[in-house]
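Participant: Questions regarding the structure given below will be posed in turn.
Values in this text are rule-based calculations from the coordinates and carry no lab data. All figures in this text were calculated on a predicted structure; none of them were measured in a lab. Please note: Cβ atoms are built from the backbone with ideal geometry, for glycine as well, and neighbour counts cover all protein chains shown.
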Amino acid sequence: MPLHQTEAFILRTYTLQEADKICVLLTRDAGKLRGVAHGARRLKSRFGSSLEPFTEVSVTYFQKETRELVSISSCEILHSPFSTTMSSELLGLLHYLAELVIEFLPDHEPNDRVYRLISAIMEATAGATAEQFPALARYGEIWMLKLGGYLPGFRRCAECSSEFLRQQSVWLTSDGAPQCAGCSARRGEEMNADVRLLLADLLRQSPKEFIEARRETGALAQIGSIAGRLIARALERDLKSILILDQLRPKVEAVPGS
Amino acid sequence: MLDYAEPVTRLIDEFKRLPGIGHKSAQRLAFHLLKSSQEDAERLADAIREVKARIIFCSTCNNLTDVDPCRFCANPARDRSIICVVEEPYNLVAIEKTREYHGAYHVLHGALSPIRGIGPEDLRIRNLLERLRPGPDGESEIREIILATNPNTEGEATANYLGRLLKPLGVRVTRIAMGLPVGSDLEYADEVTMHKALLNRHEM
C-alpha cells in the first residue's frame, strides 16, 4: 500500500460514526477522491482545521485495492479561507462551487484544469466583497459547464453555422443552443450583444480580472439563468445550494417589530 | 438477507436507517436484542415509544423537553437578559457542564449549509427575533446574545449571519472564543487554530 501525497481542496465532509469524517477532496494528481479521516471530529484531532471546506492542503493518503474510500493519514494546510471572516454569502459561494465540482467531476479522474479553476477562484475570493460573489459563482458555473463539454459555442449559429457579428443578438433554443434571427424566427430567449460580450469576457479573463470590472447585474443574472438551465439539463436536476444563495444576506426588515 | 426470518430482517433494516449504523452493526444490535430478555426488549421499545410521544420543542427556546416551557426557560433563577444561541440541543448540555453560564438558551436546530439545502428559513431564527421584541416600556429585556454555534465553516457563517441580523437591533452580540483546546500542545496546533487563538488573546 504505497502512500500518495498531493495538493488538494477539501470539497465537503460528512460525519462517520463517533469521531471520523468522510471527506470529498479535489486532488491535483488523482482527481476527485473520497477518503476517511479517522478521529477528525475529536477536539484534539491531528487534522485540526485542515478539513474545513475549501482549505487547500497537502494530503497524504493510502488506498487498499479492494476499498473505494482512501485513508487520509495527514493534511498540512496550504491556504485556508477560514482564517478570514466566513460570511454567510462566502459560505454560499463555496458550497455552490463544491457542489458543482462534486456533481460534474467523476471520481478518480485527474483534471488539472478544474483544479486550476478552483485555485484561481479561491485566490479571487480572498480580496472580493460579497457584491462580487455572484460574478464568481457565474465564473465557476460557466467554466465547469465548458470543461464538462456542456457549454454550447456562442460564436456561430447552431443551425446555419453563420458567424455572429459583435453587436448581434442571438436567440437560444430550449437546450441553450444559440441561433441567428433568421433560423430562430426570433423565438426563444434573446441574448443581446452585452450578454454575449460579458460571456466572452468571462471565458477570456481570470476570475480576479472578471470581478474587478463593473458588471451590469441584469446581464450577469441572465448568464446565471442560462447556466442554471444548462446545469439542470446536464444533471437532470437543480443543485441544492443554488436555491439557497439568494437567502444568505440578512434582511433586517424581516425582524418583527422593527 | 434471505437467510434470516422476516422479523429479524425487518429489525436489521430498521437499525440500518439510524445514523452511523451499517449492515454489520445493525446485525449485531439485532442479535443482541434477540439474546436479551423479554423485559429488556420491552423496556427499549417503551423508551422509544415514550420519547416520541412525550418530547416536544420548548415554545420559547426550541430545546427538546417534556414540559413547555423547558426547565431552563421556566427557572426563575436564570438570567433572562442573556441568550446563548446553539445549533443543537446536545450543544446546550456541553455549555451547562461548565456550570459557569446561568442565562437562557436558544436552539437553532442546525446551521446554514447550502450544500445540504439548509438556508436561514430552515433554522429557528424567527422566534429568536420575537424574543427580542421590545416590551411595553419600549425596551427589549435582552441585553446580550452569545453566538455559540460550532467553530467550523458552517457554524461561523451562521454566527456571521445572525450577528449582522441582530446588531442593528441594538443588542450586544458576542461570539464564543476560538483557539487551542486545554491540555493540547502548541507544537501540534495548526496555523488556522493558532491564528484564531492569537486573535482571541486577552489581557493578563
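Participant: Over chain A, what is the percentage of antiparallel beta bridges among all DSSP beta bridges, to the nearest 5?
Facilitator: Values: 34 of 37 bridges.
Once the DSSP bridges in chain A are tallied, antiparallel ones form about 90 percent.
Participant: Starting from the Cα of residue A:249, step 7 Å along the direction of its Cβ; do the same at residue B:199; then give the gap between the two resulting points in nm.
Facilitator: Those two pseudo-labels are separated by 2.3 nm.
Participant: Between residue B:121 and residue B:150, what FRET efficiency comes out of the Förster formula 1/(1 + (r/R0)^6) with R0 = 22 Å and r the beta carbon distance, rounded to 0.05? Don't jump to the answer; show the numbers that get you there.
Facilitator: Details: r = 20 Å, r/R0 = 0.91.
The formula returns an efficiency of 0.65 here.
Participant: Hand me the GluC sites (Glu not before Pro) from region A:11-120 located in a DSSP loop with no more than 14 other Cβ atoms within 10 Å, in residue order please.
Facilitator: Values: sites: A:18, A:56, A:65, A:68, A:76, A:89, A:99, A:103; in loops: A:18, A:65, A:68.
When the GluC sites (Glu not before Pro) of region A:11-120 are filtered for loop state and at most 14 Cβ neighbours within 10 Å, A:18, A:65, A:68 remain.
Participant: The protein assembly as shown: percent of C-alpha pairs farther apart than 43 Å? Write out the running numbers ahead of the final one.
Facilitator: On the way: 28773 of 106491 pairs.
Everything past 43 Å amounts to 27 percent.
Participant: OK, next. Take the alpha carbon atoms of region A:8-69, find their center, do the same for region A:107-163, and report the distance between the two centers in whole angstrom.
Facilitator: Their Cα centres are 26 Å away from one another.
Participant: Now for a different question. Using Cα springs under 10 Å in a Gaussian network model of chain B, which residue among B:89, B:181, B:151 shows the largest mean-square fluctuation?
Facilitator: The residue with the greatest mean-square fluctuation here is B:181.
Participant: Now, a different point. How large are Rg and Dmax for chain B when only the alpha carbon atoms are used, in Å?
Facilitator: When restricted to Cα atoms, chain B yields Rg and Dmax of 21.9, 71 Å.
Participant: A follow-up question, please. At most 13 other Cβ atoms within 10 Å and a DSSP loop assignment: could you name the GluC sites (Glu not before Pro) in region A:137-223 that fit? Display every interim value, and only then the final one.
Facilitator: On the way: sites: A:141, A:159, A:163, A:189, A:190, A:209, A:212, A:216; in loops: A:159, A:216.
Counting only loop positions with at most 13 other Cβ atoms within 10 Å, the GluC sites (Glu not before Pro) in region A:137-223 are A:216.
Participant: Restricting to the protein assembly as shown, compute how many DSSP beta bridges are antiparallel as a %, nearest 5.
Facilitator: The antiparallel fraction comes to roughly 70 percent.
Participant: Looking only at other chains, what is the average number of their beta-carbon atoms within 10 angstrom of each beta-carbon in B:144-154?
Facilitator: Values: counts 0, 0, 0, 0, 0, 0, 0, 3, 7, 16, 6.
Average neighbour count from other chains, rounded to a whole number: 3.
Participant: Additional query: I need the peptides B:130-139, A:117-126 ranked by packing, meaning the mean over residues of other C-beta atoms within 10 angstrom, with the highest value on top.
Facilitator: Details: B:130-139: 11.2, A:117-126: 18.6.
The packing order, highest mean first, is A:117-126, B:130-139.
Participant: Once Rh is set to the Kirkwood radius over Cα pairs, what Stokes-Einstein translational diffusion coefficient, in µm²/s, holds for chain A at a temperature of 37 °C and a viscosity of 0.692 mPa s?
Facilitator: Working: Rh = 20.0 Å.
Rounded to a whole number, D works out at 164 µm²/s.
Participant: Between the helical axis of B:38-54 and the dominant principal axis of chain B, each derived from Cα atoms, what acute angle in degrees is found, rounded to the nearest 10?
Facilitator: Tilt of helix B:38-54: around 40 degrees.
Participant: Mark the label point 7 Å from the Cα of residue A:116 along Cα→Cβ and return the residues of region A:181-212 whose backbone N is within less than 20 Å of it.
Facilitator: The answer is A:200-211.
Participant: I would also like to ask the following. For a test of the definition: using alpha carbon positions, the gyration tensor, and the 1.5 limit on a/c, classify region B:78-175 as rounded, prolate or oblate. Mind showing how you got there, number by number?
Facilitator: Numbers: a/c = 1.97, a/b = 1.24, b/c = 1.59.
Oblate, because a/c is 1.5 or more while a/b does not exceed b/c.
Participant: So, one more: Once you have the Cα-Cα distance between residue A:217 and residue A:14, take 0.36 nm times their residue separation minus that, and quote the gain in nm to one decimal.
Facilitator: On the way: separation 203, 0.36 × 203 = 73.08 nm, distance 3.53 nm.
Using 0.36 nm per residue and subtracting the Cα-Cα distance, I get 69.5 nm.
Participant: To test your reading of the geometry: what angle, between 0 and 90 degrees and rounded to tens, separates the Cα axis of helix A:88-104 from the longest principal axis of chain A?
Facilitator: 90 degrees
Participant: For region A:53-104, what class follows from the C-alpha gyration tensor (a ≥ b ≥ c being the square roots of its eigenvalues): rounded when a/c is under 1.5, otherwise prolate if a/b is larger than b/c, else oblate?
Facilitator: Details: a/c = 4.02, a/b = 1.60, b/c = 2.52.
Oblate shape, in that a/c is at least 1.5 and b/c is the bigger or equal ratio.
Participant: For region B:2-51 and region A:77-100, write down the distance between their C-alpha centroids in whole Å.
Facilitator: The distance from the Cα centre of region B:2-51 to that of region A:77-100 comes to 41 Å.
Participant: Per-residue Cβ counts within 10 Å, from other chains only, averaged over B:165-175: what number is that? Could the numbers behind the result be given before it?
Facilitator: Working: counts 7, 3, 2, 4, 4, 0, 0, 0, 0, 0, 0.
Per-residue shielding by partner chains comes out at 2.
Participant: Continuing with this model, one more query. What's the FRET efficiency of residue A:67 with residue A:186 using the Cβ-Cβ distance as r and R₀ = 56 Å, to the nearest 0.05?
Facilitator: Working: r = 56 Å, r/R0 = 1.00.
Step by step, r from the Cβ atoms, then E = 0.50.
Participant: Pull out the extension gain between residue A:126 and residue A:107, defined as 0.36 nm times the separation in residues minus the alpha carbon to alpha carbon distance; nm, one decimal. Display every interim value, and only then the final one.
Facilitator: Numbers: separation 19, 0.36 × 19 = 6.84 nm, distance 2.80 nm.
Going from the current span to full extension adds 4.0 nm.
Participant: With r as the distance between the Cβ atoms of residue A:156 and residue A:204 and R0 = 22 Å, compute the FRET efficiency 1/(1 + (r/R0)^6) and round to 0.05. Don't skip to the answer; put the middle values down first.
Facilitator: Values: r = 17 Å, r/R0 = 0.79.
Once the sixth-power term is evaluated, E becomes 0.80.
Participant: Further question on the same structure: Run through region A:64-107 and list the chymotrypsin sites (Phe, Trp or Tyr not before Pro) located in a DSSP loop whose Cβ has at most 13 other Cβ atoms within 10 Å.
Facilitator: none
Participant: Okay, next question. Whole number please: convex hull volume per residue, Cα atoms of region B:6-54, in Å³. Write down the numbers at each step before the final one.
Facilitator: Numbers: hull volume 3.9 nm³, N = 49.
In region B:6-54, the Cα convex hull volume per residue is 79 Å³.
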